[in-house]
Every structure is written in C-alpha cells, then in structure tokens.
Amino acid sequence: MINDKYYNRRYVISGIAVVIVLVYIIKLFIVQIIDQSTKEQADNNALVRQTIYPSRGLIYDRNGELLVFNQPIYDITLVLREMGKDFDTLAFCDILDINQEDFNNRIKEISNKRKNRGFSRYTPQVFMSQLTKADVAPLQESLYRFPGVALRKRTLRDYTYKAAAQALGSVGEVNQKDLDRDKYYVLGDYSGRDGIEKTYESILRGIKGEEILMRDSRGRLQGHYKDGKFDTPAQAGTDLTLTIDIQLQLLAEQLLTGKIGSVVAIEPSTGEILAMASSPTWNPQLLVGKVRSANYNMLLQDNTKPLLNRATQATYSPGSTFKVLQSLVCLQEGGITPNTKYSCNGPRSTPIKCTHNHGSPVSLEEAIEQSCNPYFWCAFRDMLQKDGYGDKNEIFRKRYQLWRDDILQFGLGQRFNESDIAEQSSGSIPTIAYYDRYYGKTGWKAITIRSLSIGQGEVLVTPLQLANEAAIIANSGYYITPHLNKDFPVESNKNTTSINPKYFPIVQDGMNRVMTHGTGRWYQIDSIQSCGKTGTVQNPHGKDHAIFIGFAPKENPQIAIAVVVENAGFGATWAAPVASLIMEQYLTDTIKRTWLRDRIANSILNEDVKEW
Amino acid sequence: MSRNGSILKNLDWTTILIFLGLTFFGWLNIYGASYNFEQSSIFDFFNRAGKQFVWIISALFLGGIILLIDAKTYDLFAYILYAIMIVVLLITPLLAHNVKGSYSWITIGPISLQPAEFAKCITALALAKYMGRYEYHYRGWKDLYIPMAIIGLPMAIIMLLQRETGTALVFAAFLLVFYRQGMSGLVLWGGILAAIIFVIVVRFSIWPAIILLTICFGLLAWRTWKIKRYYKWLVLLAFIVYIGFSAACDVVFTKVLQPHQRVRIEVLLGMKDDPSGAGYNVAQSMIAIGSGRFFGKGYLQGTQTKLHFVPEQDTDFIFCTVGEEWGFVGSAGVLILYLIFILRLIAIAERQRDNFSQIYCYSVASIFMTHLIINVGMVLGLLPVIGIPLPFFSYGGSSMIGFSLLLFILLKLDATRVEKLH
C-alpha cells in the first residue's frame, strides 16, 4: 500500500518474532547442551533399574559336605500410587491371612516419613518381609488382581548342621558404616556380619545384576529397555570350601557341652583349622531372617557370652603349656643346654614351688614331663641373667627383649593379620616398657617377672595361638598362618622361627613323655604316639582353667590341638581327654573310648551354659 | 488462460512447502509420541498418527476447495460466518462434555470438534472486512471500539462459557494487527511492561517492581520533558497507574486467585520446585527436551515422551518429542522453520494491495506467531502452562483443519491479489 506511515511497523512485528524465537533457541541450547543434569534425571525417570540379587556362595567343609546354603524368601512390596481407589483390600487381607486393621496400620507405618525415610508413593515399599514360599503362594497366583503389589525374591542362609556358629558367622542387614564404606551396598542389603561370612563377604556375595525396565509416569512397567540389551545378569557368589572337618567340629562341640571353653585343631603342615569350637554356642539358624535381631539380643544378654568366639577372642594365661616355649627359647638363647639339670625341692622350692612329685635333679625332658616349676624358673632366670645385669640393667633388658622377640615368633602377643579369621584377640606378651611403667627402669629383675617362667602372670594367649604353638612344635620350627579357607595360600604364609630345629626333638620327646608317663598318661591314644602338655591356670574368676596343647602322631604329625575349659580344674582332668578324643577321631576316624566321650560330653561343669 | 492454471502459478509455493514440511514432520512426531513400543503402523487408524493422517488429508482436501472458491466470497460472507460462529460458540457449552475442565468439544458421531479452533479464522475474516472497508480509517481509539468488540465477543465466550483460557488468549494476537494498522505503540509496550511487572510482583515482591517502574518512568519523564509540558503529568499518571497495578497484582495473587491458578503461575515462575507436584508437567517436559542433547535420541527412540512422562505429549507438549528425539538440531531447526514461515506470512501480508487481504494476512501471521510463542514458551518453561496447540504439529483434527483454513484462505487471497485490482 502506498504512503503507509506505519510501514516500518512490519519490522517491529517481525523483530518481535525473531527475538522471541532467538530467546527460545538460546533456552534450548542451555537445556539441551549446557545443562548436564537433565540426562541423568531422564534416565532415572523412564528407566527403572531393578537389582537382581545373586545367590550367596555356598560353604562346604573340607570333605565337601554342604554346611551353609540358601533358602528363598519373599518380600511383598506395594506401590501406593498404583494401588488406586479400587484396590480390593478385603481380598488382599484374606489371601495373606491378616485383618484389615493390620493392613491399615502397616500402611500407616510405611507412609510415616519419620519412620520410613525412603517413603514414596511412587516406589515399591516393603509391606511384609521374609515370607516363605508357602506363605506367598496364594498371593502369587492372584497377583494380577492387585495393582501395585509385587513379590521380591531374596535369599537367606540355611544350615545343614547346628555347628560352628562362631566360625561361620552370620549374615545380616548392612549398617550405615558399610553403606559409607562400600558403594556396592544399598540400604536393606545383607552382608556377612562376622566369621567367615564377614571375611569372605566380597567373594560370597557375588555381583548384583541389574535389569533396566521402562516405566511410564504412573510407574507402570513397560518391559525391558532395548529388549534387555543393557541388563546385566547377577553373578552368584563363589562357593567356599573350608578347612573345617564338620565331624570333628561336631565332636568338639559335643565334648564342650555344659562347659565354657574352646577347642582349636590345626593341621600342622598346612595351618588348616580342622575344628574351631567355642562353648557356649548357638544354633546358627537363630541369626537368620526376621528372628535375627531378637535372638541376637538374647545372645548378647546371656552372661556366658556365647557371641564371644572363645577360640580366637578369649585370652588366658597359658600356664604350664608355656613351658615348652620356655624350653625352646632358653635352649636357643643360652642359659640352659639340652643337658642342664636343676634340683627340685618339691613343694618347698623357692621362689616357685613344685606341684608335682618327682625325683631331683631333673633334666629338661623330665621337667616337661613332670611340669616342674622350679626347673623352668631356673632356666628362665639363667637365660635372662646369662651375661649379668650390666649398667642400669642394660644387658638384662637386652636379654629380656631377646626372649620376648623369640616368643613373638611363635605367633603370640599379636593377631594373625594374614589369617581369614575375622575375630581375634592379640593376647599379650609384656613389653619392657610395661615393666618399666610398673617397676621403674631398674626396678625389675628376673625374680620380679618369675611367674612368666611358668606361663602365669602378665602373659596372655588365645586358644588359637596355643594350637598354633603346638603346630610349630609339631613342625619343628615353623607354622602356616592358621586359616579357614581351603584355598588359602600356604607357601606365602609360612613363618619360620629362629629356634634351631635341633632343639625341637628334645621338647617333642618331653611332650611325648607327658602322654606316656606324665600328666597326660591317662589319655594315650591306642597305638598312636602323641605329644602334649597340660596346663592348670590360676585365675581370678574361680576354679583353675584346664588347658591342654598337643599334637599327634609324634612322627609326621597330622593334628595339633589346643583345648581350654574354663574353671574346670586340672588340665589333665578336663582338657586332655577332650584333646585326646578329638585327635583319636581325626586320626582313626572313630572313637573307641566311647565311655570317655560320653562321660566328658555329659559332664555339666557350668550350670549357666544354655543350649541355644 | 484457465483460472485454475493462474491459481497454481500464483500460489506462494514457498509457504506451501514449509506448511507441508511442518505438517509431515509433525505427523512423524505424533507417531513417535504415541508410539508405545508395540509396533503399529503409522497408518493404523486406531492410533493417533493414523487418525492425524486422515485429518491431514481432509485438511488438504479442504485447502483445495478453498483455492477453488472465489476469493471475494470470504469478504462477502465474513459477517454471516461470524454470526453463525457466535451462535455455534454459544451453544457449544450446552452440548459439550467436560473435558479436563473445558466445555469446548462437540461430539458428532466418531468425530470430536472444537469450534473455537475455527473461530480464529472467522474472526480474522470479520475483522478484515470491518477494518478493510474503504471508509475505515484509523484515527484514534474510538476507531478500535468495534474491532475490539469483534475479537472480544468470541474471546469472552470461549473464556467464560467454554473455559478454554488458552484458546481465548490467542485472540490477543489481533493486537499486533491493530498495532500494524496504527494503534499506538504504547499499548503494545505498556502491555509488555505490565506482564513484566506482574512476574516480578508475583515472583519476588512489590518493591523491585516499584524500583523498575521508577527507573522506566524516570527515563521517560527525562526524555519527554522538553516536548510538551503536560506530558510529564501523563507520565506521572501512568506511573501511578502502574504502581496501582503492582499493588493489585499483589492482592489478586495472594487473595483473589484460586489455589490451582496460583500454583500454575507459581510453577511457571519457578517458585514451586516440586517435580512430582504441580510443576510436574514442566519439569518432565524439560527433562525430556534436555535428554535429547545435540542430535537427539533418534526417531522413535525417546524414552521420556514415549513412556508417558510428559502429559499431552502428542498434543500440547509435542515439542518435547521433537526435543528428545531430534535434539537441539531438530528442535532449533523447527523453530527456525517456523520463524521463516511467519516472516514469510508477514511478507505476504505486506504485499497485499487491498486492506481486507492485508489485515486478514496479518491476522494469520499474528495467530501463528502467538501459537508458536505461547506453546513453545510453555514447553520450555518460559511461560505458564497454557494449553494451546503447536500449529501443524499437535495432534487434533480441529486445530489441523482450523490452521489449514487460515492458511489456505491467505494463499487464495495472495494468489488473486493481482486479479482483484482488475
């Protein structure tokens, strides 16, 4: 049109269009290219990542007997938003055999954000958990009638034998610490809480799989994303074969019935733990599933402390069993020779009296056989004082350090860090600093620490360490780190003591004499030469602890053992027969002395011990 | 020379090509948006893409007929059509069912129609007829009373009786036509300023709005000081009016608006940041678009739109599918194509030689522009959630035919612009 005075306004209008489209393109650029957060949100949105739980690795004993396996359980989950108004609560309750009130209460509980922080109407919430297949079967058939309801299958542990509860450990829900430490876990996952289950958690648990399902905005699943191209199957956990011989373990636990104590048996040549029993114990089924926390609390409150793995966590003074180590260290470091004899004045001996009745003077072998206290005090004293005390006791202190270092080589006073035993105490061999603190730098001498010579006083060991000590003597000077997994590397875990191997036969002979003539003579195994040492340990908690260490056969030893029976009295009376029976069972596969087995097994030494 | 031959020769093929391009691409995306991972044919009449195909064919058929009808017919029958339209709009709410709170759909057999979609075209004709009269000259406000009434009547019916606020809002597009015809620019800029003030008041508080107004009017007063003395009084008056407006917004927003209306506005302004709550639509829309990145996920590969995360994904939020599946390249491409389309329509409007055609063509350009701005602005979270379709893209027979009607009448008028002078 001609002479249009508003002609320029076409540019204003076009300009508005151009500017706005430009603004929109900039916004698109920001949203699609600069802002990275939307991609992630989109993935979470449309794709449901559903975890597929792998089945946990099975656990076998050394002979291939199945010990631990899995039982399937089911959780019922609800997505509240999907349930809708027409949800047939009545039928649902009917099928699950619950009443409407329970249902309403549970829904209220789930919806309470303060109790259930992960609550969302859009995601599955656990309505009932850990139901058996029989419980959920009726629901499974009519699942289609209940929108938003789903079953989630998981597995729990199940056990073939009521044995080895402490060694095997248990599986429970992960805690906050686990969640922070390991990204693998999410809340509600299970993991090994103690024992073997804990040590080998990373291989037993397997690898979770994931299926990626598509979901629309109402949460309805629409099938596998890209036909399952990105799904990853769950990888079942690795099965584990233990070094435990379940028959031996059962026997050990049977023999400890009614007693507080523990047994550790080791194959000396390999460090394999053949049996590891701690009494009182419990049926491992108790710590599975729904009942776990209630039962755990009950066990926790039992004043006999069944949850403590006494085999590896309880510490005792080794008593006379320590004398075999004393012999070796004193021979090695000088102070005595294989021919040294000391006189014994029996009960009148000073500073330590002898509790046994034997001739005098005694040789080392006789001293071991008779567990002669004066001999070992003299030997210990002479070893420490060999070069005198020196200026400010410097020489003496060096000798003590030498002694302590040698003792530590036997695996005492420290945890077996390379071992796969989750729960261990380190025990203790007193340091120079310890005595310095007590007596002052120059305030202590051999006489001050005389009780160490007979394994009393400040020295503390665990039954595991005692069994290992027996294994070292059986091996004439080395041990393989004691362990529970059959695949444990043996060669790289060999530890050799600096004790000259030539000294071992003397001690072995002494220990053999214990079994033939000494305190263990009542518990010889027919036709098998065994070696042992009893110990009767004074303690502040009542009657003496009965302790025994030993191995058999004398030549080419197959089993080394330590037995502790708390507050039982003489080591020879209670610990030696237990060890003897276990060695018999292991070496001959049978027990001829059934009367002995039954007598020991039926003896209730502690009324408080409950059978869980 | 046959008339048909001249029509084909004089048609603006650029516009037609863009129209066909947009329609075809839109159709593909409707199939994409309603595609549910269960392979069904794009021609399956039971799915939306199949139905849309029928609508497209119908629209093209209708377009063909329009091209055959004498261009003078539209001028001639404009008022009669307008009267019929008003009647239809009035009776619609009586016949309509409640569809998501609106009463704008009439169901005839298997077909549902939304008369309001055709009202835009007819209103444009009536407006063009009135303002295109030889005697009509824009001289001042009083010359806009009747044009205002022409667009205000259907707008009021649609908004108040049919409760289709979005469609009613499109009638504001005619303000651009008035502006082109000589309406004071103050109305346009004043309106824009009012919108900005509203956002500031609702989003923040009244004080930043007052500061902004003070600065704007301060500058205006300084610029106009020397021109005429009474101007400064006018400026002061306007300033007071805007301050009053700010206060009114404050009161209306907090006291007068219904909660759901307030929520919509709050969501738009980013005040409520709750992805599963009221802001859900926009949040999902943004996630869908954003997840497309630069090249998109590929046709039919979008997970967001397909899995029904975005509501109205094949109607009002169809642009999401474009964003998700075709990425920045595709969505920016579509916007640019639309821009070219609109600029082309403006150019066509400008080359008309009679007032009726020019006003009508401007109306068409403005309506498309308004639809594009409101729809895409909504999808991108820049404007409130106002449910209006994206022309040629959104699924829907009424809108497809309504927009084609608008466009083909424009094409016919343009093709015969030379003839008309003879």
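Summary of values
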item	result
Filtered residues of segment B:129-162 (kept if surrounded by fewer than 19 Cβ atoms within 10 Å (Cβ to Cβ) and in a loop (DSSP other than H, G, I, E, B))	B:133, B:134, B:135, B:136, B:137, B:138, B:139, B:140
Condition check for residue A:422: out of contact with any Phe, Trp or Tyr (no Cβ under 9 Å at 6 or more places or on another chain), open to solvent by 10 Å² or more (accessible area, probe 1.4 Å), among the aliphatic types (A, V, I, L, M) and outside any loop (DSSP other than H, G, I, E, B)	no
Count of residues meeting criterion [modelled with pLDDT under 75, open to solvent by 70 Å² or more (accessible area, probe 1.4 Å) and closer than 14 Å to residue B:247 by Cα] in segment B:192-230	2
Single residue of segment A:357-386 satisfying the filter (part of a loop (DSSP other than H, G, I, E, B) and at pLDDT 85 or above) that is surrounded by the fewest Cβ atoms within 10 Å (Cβ to Cβ)	A:361
Output for segment B:361-403, where each listed residue is hydroxyl-bearing (Ser, Thr, Tyr), under 15 Å from residue B:58 (Cβ atoms) and touching a Leu at 6+ places or on another chain (Cβ under 6 Å)	B:398
Check on residue A:98, among the hydrophobic types (A, V, I, L, M, F, W, C) and in a helix (DSSP H, G or I)	no
Residue A:122, sole failed condition from (1) open to solvent by 70 Å² or more (accessible area, probe 1.4 Å); (2) modelled with pLDDT under 80; (3) more than 35 Å from the chain's Cα centre (by Cα); (4) closer than 23 Å to residue A:176 by Cα	(4)
Positions within segment B:173-190 being facing chain A (nearest Cβ under 9 Å), more than 22 Å from residue B:121 (Cβ to Cβ) and open to solvent by 20 Å² or more (accessible area, probe 1.4 Å), in sequence order	B:188
Complete set of residues in segment A:17-35 that are at the interface with chain B (Cβ under 8 Å from one of its Cβ atoms) and either closer than 30 Å to residue B:417 by Cβ or open to solvent by 40 Å² or more (accessible area, probe 1.4 Å) (or both)	A:17, A:18, A:20, A:21, A:23, A:27, A:29, A:33, A:35
Members of segment A:298-315 that are open to solvent by 20 Å² or more (accessible area, probe 1.4 Å), under 19 Å from residue A:167 (Cα atoms) and not hydrophobic (A, V, I, L, M, F, W, C)	A:305, A:313, A:315
Of the criteria (1) over 26 Å from the mean Cα position of the chain (by Cα); (2) buried (at least 16 other Cβ atoms within 10 Å of the Cβ); (3) in contact (Cβ under 8 Å) with a residue 60 or more places away in the chain, which one residue A:550 fails	(1)
Some residue of segment A:187-209 being hydrophobic (A, V, I, L, M, F, W, C), within 26 Å of residue A:486 (Cβ to Cβ), open to solvent by 30 Å² or more (accessible area, probe 1.4 Å) and touching a residue at least 40 places away in the same chain (Cβ under 8 Å)	yes
Residues within segment A:458-479 that are free of Cβ contacts under 8 Å to residues at least 40 places away in the same chain and open to solvent by 10 Å² or more (accessible area, probe 1.4 Å), tallied	3
Residue list for segment B:350-374, filter: under 29 Å from residue B:54 (Cβ atoms), modelled with pLDDT under 90 and either more than 12 Å from chain A (Cβ to nearest Cβ) or open to solvent by less than 10 Å² (accessible area, probe 1.4 Å) (or both)	none
Filter pass, residue A:539 being modelled with pLDDT under 90 and either in the same structural domain as residue A:458 (by TED's automatic domain parsing) or out of contact with any Lys or Arg (no Cβ under 9 Å at 6 or more places or on another chain) (or both)	yes
Leading residue by the ranking (farthest from residue A:246 (Cα to Cα)) among those in segment A:62-95 that are touching a Leu at 6+ places or on another chain (Cβ under 6 Å) and of a type outside the set (Val, Ile, Thr)	A:74
Residues that are in contact (Cβ under 8 Å) with a residue 40 or more places away in the chain, of a type outside the set (Val, Ile, Thr) and either in contact with a His (Cβ under 9 Å, 6 or more places away or on another chain) or within 14 Å of chain B (Cβ to nearest Cβ) (or both), drawn from segment A:119-173	A:121, A:122
Total residues in segment B:375-392, condition at pLDDT below 90, more than 10 Å from chain A (Cβ to nearest Cβ), open to solvent by less than 10 Å² (accessible area, probe 1.4 Å) and not in a helix (DSSP H, G or I)	1
Meets criteria (more than 30 Å from residue B:351 (Cα to Cα), open to solvent by 30 Å² or more (accessible area, probe 1.4 Å), of a type in the set (Lys, Arg) and modelled with pLDDT of 90 or more) for residue A:62	yes
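Yes/no matrix, rows are residues, columns are (1) open to solvent by less than 30 Å² (accessible area, probe 1.4 Å); (2) over 38 Å from the mean Cα position of the chain (by Cα):
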{"site": "A:388", "(1), (2)": "yes, yes"}
{"site": "A:397", "(1), (2)": "yes, no"}
{"site": "A:405", "(1), (2)": "no, no"}
{"site": "A:409", "(1), (2)": "no, no"}
{"site": "A:418", "(1), (2)": "no, no"}
{"site": "A:427", "(1), (2)": "yes, no"}
{"site": "A:431", "(1), (2)": "no, no"}
{"site": "A:456", "(1), (2)": "yes, no"}
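The values are calculated or read from the model by the stated rules, or taken from the named source; none is laboratory data. All values derive from a computational prediction rather than experimental measurement. Don't worry about glycine lacking a Cβ; one is built from the backbone with ideal geometry, like all the others, and counts go over all protein chains shown. Just the protein is used for accessible areas: all its heavy atoms, side chains included, with ligands, DNA and RNA removed. Shrake-Rupley method; radii C 1.70, N 1.55, O 1.52, S 1.80 Å.
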